[in-house]
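Report on one structure; see the data block that follows.
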Amino acid sequence: MIGPSPRFRLYSSPAHYQGVLRGLFSGGDCPIDYCNQLEAAIRSVTGARHALCAAKARVAIHLAVAALVEPGRKVVLSPYTISDVVNMVISAGGVPVFADIDARTCNIDPEDVQRIIDSDTAAVLVTHLHGLACDMERLVPLCREHGLRLIEDAAQAFGTRLNGRSVGTFGDAGVFSFGMYKNVNSFFGGMLLTSDADVDRRVRERVATFPPQEMGYFAKKVLSGLATDIATMPGIFQSFTYHVFRAASLHDVGLLNRQVSFDQGPSMKRVLSESYLRRMTRMQAKLVLSQLENLDNATRARIETARLYHEGLKDVPGLGLPPLRADHSHIYTYYPVQVDDRAAFLKHMMRARRDVAAQHLRNCADLPCFAEFARDCPNARRTAERLVLLPTYPRYGRREAMRNIDAIRDYFGEGQL
């Protein structure tokens, strides 16, 4: 039996792989300095004063914290994130303090931020999760009132705008990601924005000391992307890949299930690995530049899919939905829903031949590796156990989304639309 469309597709094309292969076989990186061009383009797109290419988005977070926060001072952040975001704070000399999230938006709760600010607090690090802008109308004045630095993790929110202004430009620094599964894909890489010329200068001076990214590492990432693209091609995925992972899910085959899991085996890192301290390649910058023109069109397609999910699921009791926004303040990198007994729900969706995913993020405030920073964050704990991601990527068809809606309504006993 033919399977569904996959839960994700990379934002890549055959032209991307062709360009990378030409570059690799011609002796390495591009001769043209596309990094300078990309930084100028990002300044134009976002309105940022300064933009700096980074080898990885998480490294940009490290650089921002190191430039803005004195060692030993506290950085308030959401616990609902990947463990390496916490590690970037620690390795930069900051002390992470977890503020709980808003249960509906999954973003940091400004009221909890306000409750835990004290004289040792130096900064607030917010994450615009799933493409939804944080409540900057409350967070920006709060940081100003207390003299705190504001850093924006916009790794999942490139293209998100709040009242017409790009996220990443509200604070002292902002970070975008161009990782393999992001809406602009250079296989890995990021961008650091700042409004502070001195911060930009100091970070540039530090990055200039980093060696170039090894072409072997870049090639491995590209090959991994190519393998993912092949495995999720419609014909291959629907006739083979899906059925393998469906069987693994239904029969709890751990080895295969781990292939679609992320952030496994989290640990605390007090020192940043030397392998992180690299510069973005010019080929990566060229890949990002080639995708900027289609950014808004892709966002509009995801918003329309989100609207379809919202209209089809808004009356289902027991199902938590994100807010519906069509003004680009939510770009729906995925459509996150929350369900009790997530394992049972995912089994139902697999039996119904629908391919959706549990959100891989954990509540870092509960992780043993961060025990010394533990704090009770009940919303983050509950969300980490309940959240499921529905596909929204532009190539995902309306019919597929409707089939997801029907399967979800069936699970809750609401019948089909």
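With R382, R375, R398, R362 as the choices, which residue is within 19 Å of I82 (Cβ to Cβ) and touching a Ser or Thr at 6+ places or on another chain (Cβ under 8 Å)?
R362
Return a yes/no flag: does segment 41-64 have any residue that is at positive phi, touching a Ser or Thr at 6+ places or on another chain (Cβ under 9 Å) and surrounded by 14 or more Cβ atoms within 10 Å (Cβ to Cβ).
Of the residues in segment 41-64, the ones at positive phi are 47.
Still in the list and also touching a Ser or Thr at 6+ places or on another chain (Cβ under 9 Å): 47.
Now narrow it down to the ones that are surrounded by 14 or more Cβ atoms within 10 Å (Cβ to Cβ): 47.
Checked segment 41-64: at least one residue is at positive phi, touching a Ser or Thr at 6+ places or on another chain (Cβ under 9 Å) and surrounded by 14 or more Cβ atoms within 10 Å (Cβ to Cβ).
Being of a type outside the set (S, T, Y), out of contact with any Cys (no Cβ under 8 Å at 6 or more places or on another chain) and buried (at least 21 other Cβ atoms within 10 Å of the Cβ) is true for just one of L390, L346, L324, L308. Which residue is that?
Only one candidate qualifies: L390.
What number of residues within segment 134-160 satisfy the criterion of being basic (K, R) and either touching a Cys at 6+ places or on another chain (Cβ under 6 Å) or crowded, with 22+ Cβ neighbours inside 10 Å (or both)?
1
For the list (1) at pLDDT 95 or above; (2) surrounded by fewer than 21 Cβ atoms within 10 Å (Cβ to Cβ), I need the number of the one condition that F176 fails.
All conditions pass for F176, except number (2).
I'd like to check something: does segment 215-230 contain any residue that is more than 25 Å from R282 (Cβ to Cβ) and out of contact with any Asp or Glu (no Cβ under 9 Å at 6 or more places or on another chain)? Full working, then the answer.
Of all residues in segment 215-230, those more than 25 Å from R282 (Cβ to Cβ) come to 230.
So of that shortlist, the ones also out of contact with any Asp or Glu (no Cβ under 9 Å at 6 or more places or on another chain) come out as 230.
Among the residues of segment 215-230, at least one is more than 25 Å from R282 (Cβ to Cβ) and out of contact with any Asp or Glu (no Cβ under 9 Å at 6 or more places or on another chain), which makes the answer yes.
Looking at L10, is it over 23 Å from the mean Cα position of the chain (by Cα), surrounded by 16 or more Cβ atoms within 10 Å (Cβ to Cβ) and on the phi < 0 side of the Ramachandran plot?
For L10, the condition - over 23 Å from the mean Cα position of the chain (by Cα), surrounded by 16 or more Cβ atoms within 10 Å (Cβ to Cβ) and on the phi < 0 side of the Ramachandran plot - is not met.
Are there any pairs with C-beta distances below 7 angstrom linking a residue in segment 303-330 that is polar (S, T, N, Q) to a residue that is part of a helix (DSSP H, G or I), with the two at least 6 apart or on different chains, and if so which?
Final answer for the pair search is T305/A401.
Sort through C369, C377 and tell me the only one that's surrounded by 19 or more Cβ atoms within 10 Å (Cβ to Cβ), within 22 Å of L129 (Cβ to Cβ) and at pLDDT 95 or above.
C377
Regarding segment 69-79, can at least one residue be identified that is touching a His at 6+ places or on another chain (Cβ under 8 Å), at pLDDT 95 or above and either not assigned by TED's automatic domain parsing to the domain that holds H130 or not in a loop (DSSP other than H, G, I, E, B) (or both)?
No, every residue in segment 69-79 fails to be touching a His at 6+ places or on another chain (Cβ under 8 Å), at pLDDT 95 or above and either not assigned by TED's automatic domain parsing to the domain that holds H130 or not in a loop (DSSP other than H, G, I, E, B) (or both).
Assuming L417 fulfils every condition listed in (1) of a type in the set (A, V, I, L, M); (2) part of a helix (DSSP H, G or I); (3) at pLDDT below 95 apart from one, which condition is it?
(2)
Table: residues versus (1) at pLDDT 95 or above; (2) in a loop (DSSP other than H, G, I, E, B).
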| site | (1), (2) |
| --- | --- |
| S275 | no, no |
| M283 | no, no |
| V288 | yes, no |
| N297 | yes, no |
| R302 | yes, no |
| A306 | yes, no |
| P322 | yes, yes |
| H328 | yes, yes |
| Y332 | yes, yes |
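When segment 367-407 is examined, which residues are found to be β-branched (V, I, T) and either assigned by TED's automatic domain parsing to the domain that holds D100 or within 12 Å of Q338 (Cα to Cα) (or both)?
T383, V388
Listed here are the residues, each with its yes/no results for (1) of a type in the set (G, A, S); (2) out of contact with any strand residue (DSSP E or B) (no Cβ under 9 Å at 6 or more places or on another chain); (3) closer than 20 Å to V184 by Cα; (4) modelled with pLDDT of 95 or more.
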| residue | (1), (2), (3), (4) |
| --- | --- |
| L319 | no, no, no, yes |
| P336 | no, no, yes, yes |
| D341 | no, yes, no, yes |
| A344 | yes, yes, no, yes |
| H348 | no, yes, no, yes |
| A352 | yes, yes, no, yes |
| A358 | yes, no, no, yes |
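The values are calculated or read from the model by the stated rules, or taken from the named source; none is laboratory data. As the structure is a prediction and not an experimental result, all values here were calculated from the model. Please note: Cβ atoms are built from the backbone with ideal geometry, for glycine as well, and neighbour counts cover all protein chains shown.
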